[in-house]
Amino acid sequence: MSLKLKGSSNSTANKINDSIEEVKVKVKDNEFIFNVLKIDSPEKWQPAQNTKRLFHWNIGNKTLKVNLSGISYGKWSEIEDSAPIPERPNSDDIQEQDKYQEEFEKQLTRKRILSMESATGMEIPGSIIEEKEEWIKRKSDKELESIFDYIQSNVCCIGNGNLDEEYKQVLLESDLNGVSIDLKSLEDWDDANAVEHTLRFNRPGEDYIVEIPLNGISKDIRKKIESETKDPLPPKILKRDPKSRKFDPSAPPEYNFKDPNWIKRVNDLAKKRMVLLFDTCLTFDIPGNSTEEKYKWISDRLLGDVIKLRDFIRNELIGFSEYRDFF
């Protein structure tokens, strides 16, 4: 018995149809057939803008059909930098809490504005961000939230599609679930870079599974990357008196974590770290002749794809708890 499993018909599969293959998975007396895109070359990992979605936006008694394009990791990083969510205050002071809530809502609105403009390719009325915010205030919170949630899940592809768990469960019960070998000697334990791994996921709204073959990463390579991309200490500045807010030359200096040059250096090292780890683990060479070019190529991919790959490397390939927050 063969079961053809499909997701939504609203798919980008037609753009890369030649790269999608049917994979038959046998479980007992049943044969399941999935469409699978194996990303084993740069050409198969399309830029985010090639992902298209049609959102049916319910506005009162009418429905607006909205064409949306994917948001890349790089674009989302720009949005995050332009609308940083403030840190929640530790104090229980009501005024501080109210101030935080006001700033939180302001930045969240800005993030939604920038996300909508990027995904729709349309400008929200207003020549400056404050004018756009005033225009948005005349709209329904529920309607704004509904399109923003859809953009995050289905356009950025942060969420998982309907086929994701089903495919993984079928594989788990099949004979394709890896090779089982009795360990005779520790010599059978392969070096990390010779071990094959596979990241699998189903993007929301697509009728195929994405598989990204990966190589393992050894401790020595991980430590080498860590050494090359270790964050420097921030510069020190004089400490201010908590009451007068004047510099106190008698107090020991403190680290300035807001120094713009230090922040830029840390961000550049984080980008280099990502490039080195992706380049080590992916089975193809990332296009580009420099770290900047390689990072630009990565950052043009879908936000959800990059996050899933980053987290898989972090949790499954590195895994050592001390380095869970390595990058």
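In this calculation the C-beta distance from S91 to L172 is compared with R0 = 56 Å, giving a FRET efficiency of 0.70.
Each label point was placed 7 Å from the Cα along the Cα-to-Cβ direction; for E31 and N58 their separation is 4.2 nm. Largest GNM mean-square fluctuation across P47, P232, P89, computed for the chain with C-alpha springs under 10 Å, falls on P89.
Phi angles of the stretch 31-43 translate, via the Karplus equation with coefficients 6.51, -1.76, 1.60 and θ = phi - 60°, into HN-Hα couplings of 10, 9, 10, 10, 8, 10, 9, 8, 8, 10, 7, x, 5 Hz per residue; Gly and Pro are given as x. For the chain, DSSP calls about 80 percent of its internal beta bridges antiparallel.
Derived scalar couplings between HN and Hα for the stretch 264-277 equal 4, 4, 5, 5, 5, 5, 5, 5, 4, 4, 4, 4, 4, 5 Hz in order, rounded to whole Hz, by the Karplus curve 6.51 cos²θ - 1.76 cosθ + 1.60 (θ = phi - 60°), x for Gly and Pro.
Each Lys or Arg adds one and each Asp or Glu subtracts one; over the other residues with Cβ under 15 Å from the Cβ of P253, this totals +1. For the chain, the relative contact order comes to 21 percent (Cα pairs under 8 Å, sequence separation of at least 6). Amide H contacts for I209 (H built 1.01 Å from N in the peptide plane; partners 5 or more residues away or on another chain; cut-off under 5 Å): N35, V36, L37. For the chain, the calculated P(r) over all alpha carbon pairs, in 10 Å bins from 0 to the bin holding the longest distance, is 5, 19, 26, 24, 16, 7, 2, 0, 0 percent. Considering only Y167, I71, S118, the residue lying farthest towards the positive end of the dipole of the chain is S118, judged by Cα position with unit charges set on Cβ. Dipole orientation for the stretch 52-155: of the candidates I147, I129, N61, N61 has the Cα lying most toward the positive pole (charges on Cβ; Lys, Arg +1; Asp, Glu -1).
Highest-first packing order for the peptide set 91-100, 139-148 is 139-148, 91-100, based on the mean count of other beta carbon atoms within 10 Å.
Computed over the stretch 52-155, relative contact order equals 30 percent, with contacts defined as Cα pairs under 8 Å that lie 6+ residues apart. Comparing F247, F201, F34 in a Gaussian network model of the chain, where Cα atoms under 10 Å apart are tied by springs, the biggest mean-square fluctuation is seen for F247.
Peptide packing for 309-318, 67-76, 49-58 was compared via the average number of neighbouring C-beta atoms within 10 Å per residue; ordered from the highest value, the list is 67-76, 309-318, 49-58. For N162, the amide hydrogen comes within under 5 Å of the amide hydrogens of G205, counting only partners 5 or more places away or on other chains and with H modelled in the peptide plane. Placing +1 on each Lys and Arg Cβ and -1 on each Asp and Glu Cβ, with no other charges, gives the stretch 220-327 a dipole about its Cα centre of roughly 560 debye. Top mean-square fluctuation among G161, G60, G216, Gaussian network model of the chain, C-alpha springs under 10 Å? Its mean-square fluctuation being the largest, the pick is G60. Close amide H pairs (under 5 Å, H built 1.01 Å from N) link F32 with L3, V25, K26, V27, residues at least 5 positions away or on another chain. The stretch between I221 and L186 holds 10.5 nm of extra length on full extension. This uses 0.36 nm per residue minus the Cα-Cα distance. Ranked by the mean number of other Cβ atoms within 10 Å per residue, highest first, peptides 287-298, 271-282 order as 271-282, 287-298.
Read-outs throughout are calculated quantities, based only on the coordinates presented, and are distinct from any laboratory measurement. Note that the structure is predicted; figures quoted are calculated from it, not measured. We place every Cβ from the backbone using ideal geometry, glycine too, and count neighbours over all the protein chains shown.
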